[in-house]
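A.B. asks: Below is a structure I'd like to ask you about.
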Amino acid sequence: MGEVALRGFLGGSDVAAALGLSPWKTPVALYHEKLAALAGEATQDSDSLAKRRGKRWEAVALEMLLDSLSEREIHANVVETNIRYSMLDTPWMSAEVDAVLRVGGADWNVEIKTVSPFAGRDWGDPESDEIPTHYAAQVQWGLMVTGRQTCVVGALFGADVMKPYLVERDEEVIAWLRQGAIDFWNNHVLAGVPPQPKTLADVLALHPRGTGTILHADERLTSLALTYRQAHAELKAREAEIDRLEFEIANAMRDAAVLTLDEKAKPVFVFKPEEGPYLDQAKLKAEFPEAHKACMTKWQKRVLRYKPFDAKGVL
């Protein structure tokens, strides 16, 4: 291993996305990011705001982690922070660890995570290795790249509660991650062949315009279309029911601002005036026609629209 500064690489925060484990990024989205990086193009990370927030908290969270470990009689010293490493034999395999701690005679990787208090169910007991799967992939990847045996994940819940999780190197998981990463890098990124789409956004990213051709449904697509029609009809019926219930409740509340189920319960409906700014397009066009014209921008987006149909003539 060694320190590295690469333009095109697969890092610890990428590997979960490459293997379809990330809740935030699909393999197709990562594929486009890596193609742009190899071409030297700037990319905008979809979770950059969350990453910047995490970076701001890292120094404080690291101090809190050291205190938490000390309370558990695990005494550690900080060796370095925010260092990126790469594998010597495969330099595109890269990992940046938030810090390295020296515990006894061993160096531990550190990953700092800021966690919403509402996401606590995804984490196990402190000092266990029960962390969300996408973070576990990042941790094992970091242990692979750095060659180390242990990583402590410092999970900061809200702004006050720090919980340490101790994760040991797992060679079986590492082998699986490595093979999946090699497949993604060689067979997709370097080959210029996108992965299979996982979401509608993936399909639009891969086929943004379309060709205008007509596709005749086979048996599978016919089944999907009929299922969609049924779900669409049920959704419309539920929307109509919601509209009716909203009318009945609002009509019963009349001038009341709040509806509760009993005197001690929290509000279940609030019926108050709301206000906020909006751009008056008609006024802008009438009074400032040149400014209105200058600010107009065409947009284009491929949209999947449903055209209601009957079942006659289908397979």
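A.B. asks: At a probe size of 1.4 Å, how large is the accessible area of THR81, to the nearest 10 Å²?
C.D. replies: About 70 Å², ignoring ligands and nucleic acids.
A.B. asks: Moving to a separate point now. At 1.4 Å probe size, put HIS32, HIS292, HIS75 in order of accessible surface, largest to smallest.
C.D. replies: Numbers: HIS32 70, HIS292 25, HIS75 125 Å².
Order by accessible area, largest first: HIS75, HIS32, HIS292.
A.B. asks: In what sequence, highest mean first, do 278-284, 85-91, 136-142 appear when ranked by Cβ atoms within 10 angstrom?
C.D. replies: Values: 278-284: 9.3, 85-91: 15.0, 136-142: 25.4.
In descending order of packing, they fall as 136-142, 85-91, 278-284.
A.B. asks: Now for a separate question. In square angstrom, rounded to the nearest 10, how much accessible surface does LYS285 have for a 1.4 Å probe?
C.D. replies: Approximately 130 Å² of LYS285 is accessible to the 1.4 Å probe.
A.B. asks: May I ask which residue of PRO308, PHE269, THR211 lies farthest towards the positive end of the charge dipole of the stretch 211-315, with charges of +1 (Lys, Arg) and -1 (Asp, Glu) on Cβ and the Cα centre as origin?
C.D. replies: Result: THR211, furthest along the dipole toward the positive end.
A.B. asks: Test of understanding: what is the full-extension gain from HIS75 to LYS301, defined as 0.36 nm times their sequence separation minus their Cα-Cα distance?
C.D. replies: Values: separation 226, 0.36 × 226 = 81.36 nm, distance 5.58 nm.
So the extension gain works out to 75.8 nm.
A.B. asks: Residues with beta-carbon under 13 Å from that of ARG302, excluding ARG302: net charge, scoring Lys, Arg +1 and Asp, Glu -1? Spell out each step's value before the answer.
C.D. replies: On the way: positive: ARG209, LYS301, ARG305; negative: ASP202.
Residues close to ARG302 contribute a combined charge of +2.
A.B. asks: Could you report the chain's accessible area per residue, 1.4 Å probe, as an integer in Å²?
C.D. replies: Numbers: 21230 Å² over 315 residues.
I get 67 Å² per residue for the chain.
A.B. asks: So what is the relative contact order of the stretch 249-315, in percent, for Cα pairs below 8 Å that sit 6 or more residues apart? Walk me through the numbers on the way to the answer.
C.D. replies: On the way: 27 pairs, mean separation 10.1, N = 67.
Over the stretch 249-315, the number comes to 15 percent.
A.B. asks: With runs of 4+ DSSP H residues as the only contributors, calculate the mean residue ellipticity of the chain at 222 nm using -39,500 (n - 2.57) per run, divided by the residue total and rounded to the nearest 500. All intermediate terms of the calculation are to be shown ahead of the outcome.
C.D. replies: Details: 9 runs with 127 residues, N = 315.
After summing the helix terms and dividing by the residues of the chain, the value is -13000 deg cm²/dmol.
A.B. asks: Ordering PHE157, PHE247 by how much accessible area each has at a 1.4 Å probe, largest first, what is the list?
C.D. replies: Listed by decreasing accessible area, they come as PHE247, PHE157.
A.B. asks: May I pose another question? Just read off the accessible area of ILE74 with the full protein assembly in place, 1.4 Å probe, to the nearest 10 Å².
C.D. replies: Surface open to solvent at ILE74 totals about 30 Å².
A.B. asks: Ok, one more. Gain in length, LEU88 to HIS216, computed as 0.36 nm per residue apart minus the alpha-carbon separation, to one decimal in nm? Write down the numbers at each step before the final one.
C.D. replies: Working: separation 128, 0.36 × 128 = 46.08 nm, distance 5.12 nm.
So the chain would gain 41.0 nm between LEU88 and HIS216.
A.B. asks: Shifting gears a bit: Quick check on the chain: of the DSSP beta bridges with both residues there, what percent are antiparallel, nearest 5%? Before the final figure, lay out the partial values.
C.D. replies: Numbers: 27 of 35 bridges.
Roughly 75 percent of the DSSP beta bridges within the chain come out antiparallel.
A.B. asks: Moving on to the next point. Return a whole-number percent for the relative contact order of the chain, with Cα pairs under 8 Å and 6 or more residues apart as the contact set. Mind dumping the intermediate values first?
C.D. replies: Values: 377 pairs, mean separation 51.3, N = 315.
It comes to 16 percent, rounded to a whole number.
A.B. asks: If you don't mind, another one. In terms of solvent-accessible area of protein heavy atoms at a 1.4 angstrom probe, what is the ranking of SER116, SER22, highest value first?
C.D. replies: On the way: SER116 55, SER22 30 Å².
Of SER116, SER22, the descending order of accessible area is SER116, SER22.
A.B. asks: Then there's this: Skipping prolines and chain starts, which residues have an amide H placed within reach, meaning under 5 Å, of the one on PHE269, given they are 5 or more residues away or on another chain?
C.D. replies: Long-range HN contacts for PHE269: LEU259.
A.B. asks: Of all the accessible heavy-atom surface of the chain, with the other protein chains kept in place and a 1.4 Å probe, what percent is carbon and sulfur? Intermediate values should be presented prior to the final figure.
C.D. replies: Values: 11500 of 21230 Å².
About 54 percent, which is the carbon plus sulfur part of the accessible surface.
A.B. asks: Looking at this model, which pairs from LYS198/LYS285; LYS198/LYS236; LYS25/LYS301; LYS198/LYS266; LYS25/LYS163; LYS272/LYS293 are more than 32 angstrom apart at the alpha-carbon?
C.D. replies: Numbers: LYS198/LYS285 42 Å; LYS198/LYS236 26 Å; LYS25/LYS301 21 Å; LYS198/LYS266 40 Å; LYS25/LYS163 26 Å; LYS272/LYS293 37 Å.
From LYS198/LYS285; LYS198/LYS236; LYS25/LYS301; LYS198/LYS266; LYS25/LYS163; LYS272/LYS293, over 32 Å: LYS198/LYS285; LYS198/LYS266; LYS272/LYS293.
A.B. asks: What's the FRET efficiency of LEU279 with ASP160 using the Cβ-Cβ distance as r and R₀ = 35 Å, to the nearest 0.05? Please list the in-between numbers first.
C.D. replies: Numbers: r = 41 Å, r/R0 = 1.17.
After rounding, the FRET efficiency stands at 0.30.
A.B. asks: Shifting gears a bit: Note down the magnitude of the dipole of the stretch 113-236 about its Cα centre, charges +1 on Lys and Arg C-beta and -1 on Asp and Glu C-beta and zero elsewhere, to the nearest 20 debye. If you can, show how the numbers build up before the last one.
C.D. replies: Numbers: 11 positive and 15 negative charges, 122 e Å.
Charge dipole of the stretch 113-236: 580 debye, to the nearest 20.
A.B. asks: Whole-Hz Karplus ³J(HN,Hα) for the stretch 26-41, in order, using 6.51 cos²θ - 1.76 cosθ + 1.60 and θ = phi - 60°, x for Gly and Pro?
C.D. replies: 8, x, 5, 4, 5, 4, 5, 4, 6, 4, 5, 5, 5, 7, x, 8
A.B. asks: If amide H atoms are built 1.01 Å from N in the plane of the peptide, which residues on other chains or at least 5 residues away come under 5 Å of the amide H of VAL79?
C.D. replies: VAL100, LEU101, ARG102
A.B. asks: Please give the contour-minus-distance gain from ALA36 to ASP255: 0.36 nm per residue of separation, less the Cα-Cα distance, rounded to one decimal in nm.
C.D. replies: Details: separation 219, 0.36 × 219 = 78.84 nm, distance 5.68 nm.
Contour length minus Cα-Cα distance gives 73.2 nm.
The values are calculated or read from the model by the stated rules, or taken from the named source; none is laboratory data. Worth saying up front: this structure is predicted, and the values here are computed from it rather than measured. Glycine also receives a Cβ, built like all others from the backbone with ideal geometry; neighbour counts cover every protein chain displayed. Note: areas computed on protein heavy atoms with side chains; ligands, DNA, RNA excluded. Shrake-Rupley method; radii C 1.70, N 1.55, O 1.52, S 1.80 Å.
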